[in-house]
Amino acid sequence: MSSTLRVGVLTISDTASQDPAADTSGPSLCHLVEAEPRCTVAVTACVPDDQKAIQKTVTAWCDDLDLHLVLTTGGTGFGVRDCTPEAVLPLLDRQTPGISHLIFAKSIQITPFAALSRAVSGIRGQTLVLTFPGSPKAVKENFEAVAKMLPHAIDLARGGTGKKTHEKMQGGSRPSGVAPVATEEKSQTESSHGHGHGHGHGGHTCFHHSDREARTDAASLGLGTPVSRRLRKSPYPLIPMEEALSSVMDRVVPLPSVQKPVDGSLIGAVLDEDVVAVEAVPGYRASILDGYAVIGNVINCLLGVELWWTESLCGKLFTDTDGPGQYPVTAVSIATASSDGSATTLLPGQIARITTGGALPEGATAVVMVEDTLLVKSSEDGTREETVEILAKVRMGEAIREIGSDIQVGQTVLKKGQVISAVGGEIGVLASIGVQKVLVRQRPVVGFLSTGNEVVNHDNGEALKMGQIRDSNRPTLIAATKAAGFDYLDLGIAPDSPEDLEAAIKGGLAKCDIVVTTGGVSMGEMDLLKPILEQKLGATIHFGRIMMKPGKPTTFATVPNPNGGQPRLMFALPGNPVSATVTFHLFVLPALRKLAGYEKYMWPSVQAAVAHDVRLDERPEYQRAVVSVTPEGSIKVQSTDKNQMSSRMVSMLGANSLMVLPGRTAERDSVSTGQKIECLLISNLG
Ligand SMILES: Nc1nc2c(c(=O)[nH]1)N[C@H]1C(S)=C(S)[C@@H](COP(=O)(O)OP(=O)(O)OC[C@H]3O[C@@H](n4cnc5c(N)ncnc54)[C@H](O)[C@@H]3O)O[C@H]1N2
Ligand code: MOO
Ligand SMILES: [Mg+2]
């Protein structure tokens, strides 16, 4: 077992936190750490002499990054602002006075001023924390006083036996020093010794950790670092999918609301107000049929059945005379606006011809369809009906739409949070009650940038040169965005040059709520996205790797908004086309939906029986699959393709879902035919 000791170096100084160039002890300490066999600086930061800031960083490094050793420099003296011991002591589970004494003993031999250090040391969780004074000289003396015993001390602090050390002390084979101790067999953030580090290479960079933000010295990943000095292991922790999803969704704040006219541009928008009807539908008593408005009472139906309406229901107008029989046609009401705003009046014993949608004459209580009548007598010139016989019985209110029978004034027709669908119901209802504008959440705009020297426009019409590849990511993601009803900006293709990438992303950030890049996020020397985000764009990378397949190097960051307001969201998706597409569906679309105000922004899922055995990968996997309903009514799922490689876009063909497969364990390495598995429905059922 062997492992690198990951060390965090924290400079604590008001001056250095304002002017990084003023920090000399931080870089010195980094060089001392890097000079030790199998020690590496995993993270650096610079904070002012502020107890809370110190505690936040030290806590995050111990608890979240699980570093082996945290070294602080500065703030241990008698100065009024010096508060490092006060900040660190309460964080320690156990103090280590022996180490403090050893450091003190060595220092006091060199200068009596060592007596003015109030440095403390101890263990938090599994992390050893040492506080050093804030001068390069003191840092060197202090560090050298304890360097050789650090691996042993850390081993013990992590529950080791220290056996190796004792063996060596009793005449082991190593000529000097202490073997670094084994800690985690597979450290997620471990990095090899000897990589280039920001201190002393192109100036000081302050990195501040909060929660599990995986910020490191981005220089060691790309910008300006000779390839031979690049990190050989990613410094970004491999985080579980659930953590990645909540890291994204917790940071997505729905956009503000705007008034928008009632038209097709509302489709997909989320209402940010209840809509209350100020008009009734219908606004007048309207006929449902073409026929005759009548005053009903007891109408003897053709079958001889009699229907009685009570006096209270029918009022005085209903007399025994009205019912099937012959009546004079005294009025005509076709569906049109009345010239004087009033309806005609019908008296007992009269009927009026009426068309569908026509306003009922006052007094009419039912409409008889034309098919249930006979023309008895017309005018001499044949242009008018004079007498018509009603054949059928009608019920009170039959074929009449009363005022407000569809929508009443004061009725809440749409609720805040409701989505205006493309089906038409919401727009139809809004239009029917004369709503001019509604308050809806702004729709986000997402920008797409493909990256890579090898990537060319898919439709450039030219034969590919050796090493070139057509850009399939942008057209794919843009099409999926359109289908989901979101606006987008095509940011084109940027080559793998820091200047081009920075300019293209900045252009996107100025105009888009979310910028999505594809490519350049893994471990190659041309994978520049992460360092650009951190070093050039002032972004906070919240995660840079996820334990998932496909999409392992998926990166999510927030970037200061160039126009002020909420930070912009940045997704740097992997370049492999399937990885880009799957992670777009898993992260970007839900984020867009949440930005747009959707309450349900995650994909729905079903449990489906697998139609064949599925081998599990060591990473939890999202296999492209087709979910369908069998003739018997059960739900089954089938992989699109046996070969589910991330570069193989044909494995997306026909997919309407993503099977959510757990990672392989010693107990379970496959899902057998017929077993049920969760499937995310990213499209309609096949
Ligand atoms: N040493 C390691 N190498 C890789 C690792 C790793 O952990 N260690 N991860 C692998 C995984 S997993 C993935 S996924 C990819 C991600 O790569 P990048 O995001 O850095 O993307 P590129 O290197 O730029 O490109 C990868 C691949 O995709 C093609 N590509 C890029 N853009 C497009 C596009 N717009 N349309 C179509 N195809 C595109 C590109 O030519 C490459 O073939 O890294 C692995 N490596
Ligand atoms: O995670 Mo990568 O996306 O497998 O190919
Ligand atoms: Mg790459």
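The values are calculated or read from the model by the stated rules, or taken from the named source; none is laboratory data. What you see is a predicted model; the values in this text were computed from it and never measured. Positions of Cβ are backbone-derived with ideal geometry, glycine not excepted, and every protein chain shown enters the neighbour counts.
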Condition broken by ALA392, with the remaining ones in (1) surrounded by fewer than 15 Cβ atoms within 10 Å (Cβ to Cβ); (2) of a type in the set (Gly, Ala, Ser); (3) not in a helix (DSSP H, G or I) satisfied: (1)
Members of the stretch 473-508 found to be among the polar types (S, T, N, Q) and within 16 Å of ligand 3 (Cβ to nearest atom), listed by number: ASN473, SER497
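Of all residues in the stretch 366-418, which are among the charged types (D, E, K, R) and within 58 Å of the chain's Cα centre (by Cα)?
To start, the set of residues in the stretch 366-418 that are among the charged types (D, E, K, R) comprises 371-372, 377, 380-381, 384-386, 389, 393, 395, 398, 401-402, 406, 415-416.
Listed by number, the residues that qualify are ARG395, GLU398, ARG401, GLU402, ASP406, LYS415, LYS416.
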Subset of the stretch 502-531 (residues that are within 14 Å of ligand 1 (Cβ to nearest atom), buried (at least 24 other Cβ atoms within 10 Å of the Cβ) and hydrophobic (A, V, I, L, M, F, W, C)): VAL516, VAL521, LEU528, LEU529
Complete set of residues in the stretch 481-501 that are crowded, with 16+ Cβ neighbours inside 10 Å and of a type in the set (Ser, Thr, Tyr): THR481, TYR488
Identity of the residue in the stretch 609-624, more than 16 Å from ligand 2 (Cβ to nearest atom) and either surrounded by fewer than 19 Cβ atoms within 10 Å (Cβ to Cβ) or under 21 Å from GLU242 (Cα atoms) (or both), that ends up nearest to the chain's Cα centre (by Cα): ALA609
Index of the failed condition, GLY461 passing every other in (1) more than 16 Å from ligand 3 (Cβ to nearest atom); (2) crowded, with 16+ Cβ neighbours inside 10 Å; (3) on the phi > 0 side of the Ramachandran plot: (2)
Residue list for the stretch 645-675, restricted to those being closer than 17 Å to ARG615 by Cβ, surrounded by 15 or more Cβ atoms within 10 Å (Cβ to Cβ) and out of contact with any Phe, Trp or Tyr (no Cβ under 9 Å at 6 or more places or on another chain): SER646, ARG648, SER651, GLY663, ARG664, VAL671
Residues of the stretch 324-346 that turn out to be among the small types (Gly, Ala, Ser), under 15 Å from VAL367 (Cβ atoms) and in a loop (DSSP other than H, G, I, E, B), as a count: 2
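Listed here are the residues, each with its yes/no results for (1) over 25 Å from the mean Cα position of the chain (by Cα); (2) surrounded by fewer than 19 Cβ atoms within 10 Å (Cβ to Cβ); (3) modelled with pLDDT of 95 or more; (4) assigned to a strand (DSSP E or B).
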| residue | (1), (2), (3), (4) |
| --- | --- |
| VAL252 | no, no, yes, no |
| VAL258 | no, yes, yes, yes |
| VAL278 | yes, yes, yes, no |
| ILE299 | yes, no, no, no |
Candidates ILE427, ILE403 - the one that is in a loop (DSSP other than H, G, I, E, B) and surrounded by 13 or more Cβ atoms within 10 Å (Cβ to Cβ): ILE403
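Go through the stretch 599-608 and report how many residues are in contact with a strand residue (DSSP E or B) (Cβ under 7 Å, 6 or more places away or on another chain) and surrounded by fewer than 21 Cβ atoms within 10 Å (Cβ to Cβ).
Residues flagged as in contact with a strand residue (DSSP E or B) (Cβ under 7 Å, 6 or more places away or on another chain) and surrounded by fewer than 21 Cβ atoms within 10 Å (Cβ to Cβ) within the stretch 599-608 amount to 5.
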Residue count for the stretch 41-85, restricted to those that are of a type in the set (Phe, Trp, Tyr) and farther than 22 Å from ASP155 by Cβ: 1
Filter result for ILE478 (more than 16 Å from ligand 2 (Cβ to nearest atom) and crowded, with 20+ Cβ neighbours inside 10 Å): no
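Report the residue count in the stretch 443-476 for those that are free of Cβ contacts under 8 Å to residues at least 40 places away in the same chain and either more than 7 Å from ligand 1 (Cβ to nearest atom) or outside any strand (DSSP E or B) (or both).
16
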Single unsatisfied condition, ASN563 versus (1) within 15 Å of ligand 1 (Cβ to nearest atom); (2) assigned to a loop (DSSP other than H, G, I, E, B): (1)
Criterion violated by ALA539 - all others in (1) more than 10 Å from ligand 1 (Cβ to nearest atom); (2) modelled with pLDDT of 95 or more; (3) under 23 Å from PRO240 (Cβ atoms) satisfied: (2)
Residue count, the stretch 520-536 (criterion: among the aliphatic types (A, V, I, L, M), within 21 Å of the chain's Cα centre (by Cα) and more than 13 Å from ligand 3 (Cβ to nearest atom)): 1
Answer residue from the stretch 566-598, given it is modelled with pLDDT of 95 or more, in a loop (DSSP other than H, G, I, E, B) and away from ligand 2 (no atom under 16 Å from the Cβ) and is surrounded by the fewest Cβ atoms within 10 Å (Cβ to Cβ) among those: TYR598
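Matching residues to (1) over 26 Å from the mean Cα position of the chain (by Cα); (2) assigned to a loop (DSSP other than H, G, I, E, B); (3) of a type in the set (A, V, I, L, M):
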| position | (1), (2), (3) |
| --- | --- |
| LYS636 | yes, no, no |
| GLN644 | no, yes, no |
| SER651 | no, no, no |
| ALA655 | no, yes, yes |
| MET659 | no, no, yes |
| THR665 | yes, yes, no |
| ARG668 | yes, yes, no |
| THR673 | yes, yes, no |
Flag for GLY633 being away from ligand 1 (no atom under 16 Å from the Cβ), buried (at least 17 other Cβ atoms within 10 Å of the Cβ) and on the phi > 0 side of the Ramachandran plot: no
Selected residue (criterion: farthest from ligand 3 (Cβ to nearest atom)) from residues of the stretch 546-574 that are touching a helix residue (DSSP H, G or I) at 6+ places or on another chain (Cβ under 7 Å) and small (Gly, Ala, Ser): ALA557
Inter-residue pairs, beta-carbon under 6 Å, first closer than 9 Å to ARG124 by Cα and in the stretch 88-104, second of a type in the set (Lys, Arg), 6+ apart: LEU91/ARG124; LEU92/ARG124; ASP93/ARG124
